[in-house]
1. Less than 14 Å Cβ to Cβ from residue 12, Lys/Arg counted +1 and Asp/Glu -1: what total charge do the surrounding residues give?
2. I'd like the GluC sites (Glu not before Pro) in region 158-190 restricted to DSSP loop residues with at most 14 other Cβ atoms within 10 Å, sorted by number.
3. I'd like the projected area of region 57-100, averaged over all directions, using the convex hull of its alpha carbons. Report it in nm² with one decimal.
4. Could you give log10 I(q)/I(0) at q = 0.10, 0.14, 0.19 Å⁻¹ for the chain, computed by the Debye formula over C-alpha point scatterers of equal weight, without solvent?
5. Taking a cut-off of 24 Å, what percent of all Cα-Cα pairs in region 1-108 are separated by more than that?
6. Given just the C-alpha atoms of region 89-175, how large is their convex hull per residue in cubic angstrom?
7. Hey, got the dipole for the chain? About the Cα centre, +1 on K and R Cβ, -1 on D and E Cβ, debye to the nearest 20?
8. Region 129-212: Rg/Rh from Cα coordinates, Kirkwood Rh?
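The values are calculated or read from the model by the stated rules, or taken from the named source; none is laboratory data. If you're wondering where the values come from, they're calculated on a predicted model, not measured in any experiment. Every residue, glycine as well, gets a Cβ built from its backbone with ideal geometry; the counts of neighbours run over all protein chains shown. Surface areas here come from the heavy atoms of the whole protein model, side chains and all, with no ligands, DNA or RNA. Shrake-Rupley method; radii C 1.70, N 1.55, O 1.52, S 1.80 Å.
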Amino acid sequence: MDLQPPVTLRTDDDAPALKLLRDYYRKPFGFGHFYTGAAFDTWDSTGTRSQDVDVFTADDLVAVTFLSVRVGPLAAHVLLDDRRSDFSEILEMIGPDHDLVDEAEEIPRDWPAWELDKELTCLPDVGPTIASKLIARKRPRLVPVYDSVVSKVLGTKKLHWERIRVALREDDHALHNRLLCLKEKADLPEEVSALRVLDVIAWMEGTHPDRS
């Protein structure tokens, strides 16, 4: 089964998708974000995010709370202390962040990112949604966020990652290029990836169907 595009991306008119993005990322009254998820992409209280690409940090645990999930104290202790080096090793095996669209072949089950997902979901109270948001913080261009709302809109309950990869590559990367174009038109921060643009549009449609 192919990916089901969000309604606002099924026509050539960018206006509806841009409205969803601008609503999500806007700052009302010059203070704070209307949607806390808008801070997920850029949160960097220590100013060290660019150096900490291969290690989970406290900032990453704070960032996922903006997406309405929470890493509990036991899992946090494992990530930041007990098995910090183990998770760092897997992140290093994944390699530098790069666009999912550039993955020309089907994602193999033994890929390090799948291993990271597996190890994360073994932590106390960490399921697929929290795991995907943690990985997306470290590799935002490569790993899409997964949650029930987005997967329902995209029709990707199974093989979420792979179906998005295939859709991004179709028609000479048309969807990927459009997502980047929407990012530019909406004047979003550099840290916002094409995957995140798709995620936000799908999530906004799923939670605010009257706006799509």
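1. Counting the neighbours of residue 12, the net charge comes to 0.
2. Counting only loop positions with at most 14 other Cβ atoms within 10 Å, the GluC sites (Glu not before Pro) in region 158-190 are 190.
3. Quarter of the Cα hull surface area: 3.8 nm².
4. The calculated log intensity ratios at q = 0.10, 0.14, 0.19 Å⁻¹ are -0.41, -0.84, -1.54.
5. 48
6. 97
7. The calculated dipole for the chain is roughly 820 debye.
8. We get a ratio of 0.94 for region 129-212.
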